[in-house]
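Read the structure below first, then the notes.
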Amino acid sequence: MSAPLLPGAGERRALADALEDARRSTRRLIEGLGEDDARRQWDLAFSPLSWHAGHVAWQEEVWVLRRAFGHAPIDPRLDGVYDSFSSDKPSRGRRLPSLGEIRAYADVVRTRVLEALDRTGAAREPDLVDRGWCFRFLANHERQHAETMAVIRLLAGRPLEGLPPAMSAAPRERGWIDVPGGRFVLGADDDPDGWDNERRAHEVELPRFRIAAAPVTNGEWLAFIDAGGYSDDRLWSRAGIAWRRAVRAMAPLHWSRERRGWTRRTLAGSRPVDPSHPVAHVSWFEAAAFARWAGARLPTEAEWERAAAGNDAGGRKRRWPWGDDPAGVSAANLGMRAGDTTPCSTDFAGNVWEWTADAFAPYPGFTPGHYRGYSAPWFDGRHRVLRGGCHLTHAALARTTFRNWFEPGTRAFPAGLRLAS
Ligand SMILES: [Fe+2]
């Protein structure tokens, strides 16, 4: 390997800001929680909130202090608590330190990590600090955990304070975008925030297709419910029928039918189902059934990325749907500012994750990154890819080439769909 490129002063400042920004989200998500709520496992699929708060700090200690700089462990017992590959979820709550202890540990680690950032030339493993890799990875890792923590608070019925009031809009006609066929470069090789599964960038041939200008709305989903979509087996795959029966799905997760109409649980508390918002918290099975009912289908990953990133014959792709400047984000509903969906717009980023037709699979030439367990264990043919980020997602993770993946029955995250044909 060639000599590592050490981050310059401007980049070090940006990395320190990214780490602090991620930490503000983590703190906000444990704010106002009692010890019991923080330790409780609210859902079998998720660890307790305080596990996440400790785990992100422990990962910083492991990657920066121990691996990159060769420090001894601060407390070797923590490895058995915070290692997601060796500690099993149901037992995590019992062994967790208190919130106060977790905060103190996270502060000690963070102080040393920021010191390390100022002396990357002294790293024992220069690969890990090349272009500031481990610092950038840790900021994005913490942002991903923040999104999971927000989802857990939602499952727990523990709203966040200080969120803006709900937004509404007049329902609109669904427009379509006609995309001409041609060759398209899928993925990205050199995005500094990119993960291993976005590489290698490679050409694919796409036939001409149409993709909806906006995601499916709650209003359209209500029509699907009223038309008996949940009980019409012709719309569902066999696996979808089995899933629907097992969880007795009759509406999206967090919806309930009250005397005065449908309401949904949000991070801002209970709100009426607004027909102008995109549908959220549906599984891949529900999304596929809806698409069939609507006489359409889910887009492929390549179609989604082609429509979101553009590529004018041989031209460049956009890093975000709005361009290459992350500050252009102000229009998209990202970053937990609203704490809820907002009326459907034509944004490809934010509001709800969008299910695609494809199973999560490696691109040709895939090699695992430093964090080997990030992608490869999930290339199992069962997980499906989602694109675009939701209102809880940080903008750095809503890039046009970013790939998320869940099992097809997952509904905990705000995921909806966009139709294609
Ligand atoms: Fe993690």
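The values are calculated or read from the model by the stated rules, or taken from the named source; none is laboratory data. Predicted model only: the values in this text are computed from it and were never measured. Positions of Cβ are generated from backbone atoms using ideal geometry, with glycine treated the same way; all protein chains shown enter the neighbour counts.
Structure notes:
- Which listed residue, of Leu65, Leu29, Leu44, Leu33, is of a type in the set (A, V, I, L, M), surrounded by 18 or more Cβ atoms within 10 Å (Cβ to Cβ), in contact (Cβ under 8 Å) with a residue 40 or more places away in the chain and in a loop (DSSP other than H, G, I, E, B): Leu33
- The listed residues are Ala53, Ala16, Ala38, Ala72, and the only one of them that is within 15 Å of Thr148 (Cβ to Cβ), away from the ligand (no atom under 15 Å from the Cβ) and either of a type in the set (A, V, I, L, M) or not in a helix (DSSP H, G or I) (or both) turns out to be Ala38.
- Test for Arg259: is it on the phi < 0 side of the Ramachandran plot, over 23 Å from the mean Cα position of the chain (by Cα), charged (D, E, K, R) and surrounded by 16 or more Cβ atoms within 10 Å (Cβ to Cβ): no
- Selected residue [touching a helix residue (DSSP H, G or I) at 6+ places or on another chain (Cβ under 7 Å), in contact (Cβ under 8 Å) with a residue 24 or more places away in the chain and buried (at least 22 other Cβ atoms within 10 Å of the Cβ)] from Leu386, Leu417: Leu417
- Restricted to strands (runs of 3 or more DSSP E) entirely inside the stretch 176-227, those with at least 3 residues that are in contact (Cβ under 8 Å) with a residue 60 or more places away in the chain and within 25 Å of the chain's Cα centre (by Cα) are 182-186.
- Test: residue in the stretch 278-291 that is over 21 Å from Asn351 (Cβ atoms) and in a loop (DSSP other than H, G, I, E, B): no
- Elements of the type strands (runs of 3 or more DSSP E) sitting completely within the stretch 316-421 and holding at least 1 residues that are of a type in the set (Gly, Ala, Ser): these cover 353-359.
- Exactly one residue out of Leu49, Leu19, Leu33 is in contact with a Leu (Cβ under 8 Å, 6 or more places away or on another chain) and at pLDDT below 95, and it is Leu33.
- Condition met for Phe135 (over 24 Å from Val282 (Cα atoms), at pLDDT below 95 and either of a type in the set (Phe, Trp, Tyr) or more than 17 Å from the chain's Cα centre (by Cα) (or both)): no
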